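Here's the structure, in structure tokens; my notes come after.
The values are calculated or read from the model by the stated rules, or taken from the named source; none is laboratory data. This is a predicted model, so every value here is computed, not measured. Neighbour counts run over all protein chains shown; Cβ positions are idealised from the backbone, glycine included.
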Amino acid sequence: MNPNPNDKYHYDVWAPANPSPFRDCIDADGCAVIPESVTGLDDMAFYGCTELKTVVLHAGVEGIHERAFLNCPQLEAFRVAPDNKELIAIDGVLFTRSGMLVRCPPARSGRYVVPDGVTDILRGAFRQCEHLTEVTFPESLRDIREYAFADCTGLTAVTFPAGLKTTGRRAFSWCTGLTKAVVRGKKTEVVNTTFRDCPHVTLHVSAGSVAQRQIKEDKCGDYPPCQLLPPRLFGPRE
């Protein structure tokens, strides 16, 4: 593994010599059982394994690289040993036991509701989930990290919870179907490249919010068009 020392589940980007070293682990049904000797999945571990449908993680797996499953369009579910102390699978989606969403399988489609209690959506967690059309965020969510929803071309609208602190750079890049992003919180920071390469999106923010100030102070024109939300949309939590 090549971990960032400041974040146990965020790994630096590096490319191995063999882009698909675990291809031989995939059986005829598209299921890959990670060998007991492996404690983590590095960058590009299953890159381009189009036949992959299920990944089974044993108790000793501690984390995965954000790009371990790029270009695995048929991946439907993760399964995790019940005695794994770091990771857990809920409805096929991979989480840390401390409340961070690690990876949603790229084949997930339609609407997905992020469970209550989740605080972070990690870097690349929903990347290439092209068939997702709607994601509902819990009020517990605090951070959406870099590239979290990159290439989710089926998304059309997102609404951030009032307590969200920040969005990472390029968190929604290449979401070409996205037309509306609602920033409910007055203290939410929206990085100027959050919606880079989203040609149709409009930001909806509240008057006097941090996001509105960021947009006004932007000198590079990196933010998408913006509209103000009516005051009635805001509750007492803000």
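In table form, for the structure just shown:
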| item | result |
| --- | --- |
| Residues that are more than 24 Å from Ser140 (Cα to Cα) and among the small types (Gly, Ala, Ser), drawn from the stretch 169-223 | Gly177, Gly221 |
| Candidates Ala107, Ala68 - the one that is small (Gly, Ala, Ser), in a loop (DSSP other than H, G, I, E, B) and in contact (Cβ under 8 Å) with a residue 40 or more places away in the chain | Ala107 |
| Matching residues, the stretch 88-98, being crowded, with 16+ Cβ neighbours inside 10 Å and either in contact (Cβ under 8 Å) with a residue 12 or more places away in the chain or under 22 Å from Ala150 (Cα atoms) (or both) | Ala89, Gly92, Val93, Leu94, Phe95, Thr96 |
| Arg169, sole failed condition from (1) surrounded by 16 or more Cβ atoms within 10 Å (Cβ to Cβ); (2) within 16 Å of the chain's Cα centre (by Cα); (3) within 18 Å of Ile121 (Cα to Cα) | (1) |
| Residues satisfying the stated conditions in the stretch 209-225, i.e. within 15 Å of Ala162 (Cβ to Cβ) and either surrounded by fewer than 10 Cβ atoms within 10 Å (Cβ to Cβ) or touching an Asp or Glu at 6+ places or on another chain (Cβ under 8 Å) (or both) | Val210, Ala211 |
| Test: Val102 is over 22 Å from Tyr223 (Cβ atoms), buried (at least 22 other Cβ atoms within 10 Å of the Cβ) and of a type in the set (Val, Ile, Thr) | yes |
| Qualifying residue in the stretch 119-128 (condition: farther than 26 Å from Gly185 by Cα, surrounded by 14 or more Cβ atoms within 10 Å (Cβ to Cβ), free of Cβ contacts under 8 Å to residues at least 60 places away in the same chain and touching a strand residue (DSSP E or B) at 6+ places or on another chain (Cβ under 9 Å)) | no |
| Checking Ser209 against (1) touching a Lys or Arg at 6+ places or on another chain (Cβ under 9 Å); (2) closer than 19 Å to Val118 by Cα; (3) not acidic (Asp, Glu), the condition it does not meet | (2) |
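Residue-by-condition table, conditions (1) closer than 17 Å to Phe126 by Cβ; (2) assigned by TED's automatic domain parsing to the domain that holds Asp151; (3) modelled with pLDDT under 95:
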residue	(1), (2), (3)
Asp29	no, no, no
Ala32	no, no, no
Glu51	no, no, no
Leu57	no, no, no
Gly60	no, no, no
Arg67	yes, no, yes
Phe78	yes, no, no
